[in-house]
Amino acid sequence: MTQDLPPRAADIFRHLSDLRSGTYEGARQWPDRVEVFRRAVSLLDPVVRRILEQANAVFLGGSGTIRHRAGQDRDGGAYARWELSWPEQRHAAGRHGGRVEPVQVIAVFGRGSTHPHLRGAVAGMWPCQVSDAADAEWQEPILRAIIECELHERIFQGTWQVIPAFTSHDANAAH
């Protein structure tokens, strides 16, 4: 590959290679692929937490709580979910009824899938091609995009008032 390729091309090509070979980062059998996924989740954990902590400090004035859970879904797939919740979000009523959800970063590996993906509750599906710490750091722009999209969706679900750092000072100071 040359340096003329777009920044995320390597992950897409790794993703395509997995599809062609029927493996995930070289692992063929489901239990082996799940083990690779679990290792990817542990490598991603400090990166996701760092970005969520930054969002918590900047947008939520440090009032947020980060939770992480991982496990097996009811169909036998594997997942990991990081959530950032805060008082205004937990107490807000949704614009169209219901509640305002926490910001979520999700790594999902469906039972019938060749490989896992990174996503938000509402934001896209990106390849989860993580086999070492450098790969995990390489996901930072994707994780930031997921978290920004998730924050925007929470504003849409509730109101602008769900972001305490914005409501606590003059709106013009944000410019």
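Coordinate-derived values only; no laboratory data. From a predicted model like this one, the values you see are computed outputs, not experimental measurements. Cβ sites come from the backbone with ideal geometry, for glycine too, and all protein chains shown count toward neighbours.
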| note | Counting every C-alpha pair in the range 1-47, the percent lying more than 11 Å apart is 71
| task | Compute the distribution of all C-alpha to C-alpha distances in the range 9-164, in bins of 10 Å from 0, and list the percent of pairs in each, rounded to whole numbers. | result | 11, 39, 31, 15, 4
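Between residue 93 and residue 42, what length in nm is gained on full extension when 0.36 nm per residue of separation is reduced by their alpha carbon distance?
Numbers: separation 51, 0.36 × 51 = 18.36 nm, distance 3.39 nm.
Length gained, residue 93 through residue 42: 15.0 nm.
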| query | At residue 57 and residue 32, where each label point lies 7 Å from the Cα along Cα→Cβ, what is the point-to-point distance in nanometres? | reply | 4.2
| request: Determine, from the Cβ-Cβ distance of residue 21 and residue 68 and an R0 of 22 Å, the FRET efficiency 1/(1 + (r/R0)^6), rounded to the nearest 0.05. | output: 0.10
| request: Provide, as a two-decimal number, the C-alpha radius of gyration of the range 100-155 over 2.2 N^0.38 Å, N being how many residues it has. | output: 1.17
| message | Could you derive backbone 3J(HN,Hα) for the range 64-79 from the dihedral phi with the Karplus parameters 6.51, -1.76 and 1.60 (θ = phi - 60°), listing whole Hz in sequence and x where the residue is Gly or Pro? | response | x, 10, 9, 10, 10, 9, 9, x, 10, 7, 5, 9, x, x, 10, 8
| By how many degrees, 0 to 90 and rounded to 10, does the Cα axis of helix 30-60 deviate from the longest principal axis of the chain? | 20
| task | Take every DSSP beta bridge with both residues inside the chain and express the antiparallel ones as a percent of the total, to the nearest 5. | result | 95
| note | Between the modelled labels at residue 161 and residue 111 (7 Å from Cα along Cα→Cβ) the distance in nm is 4.5
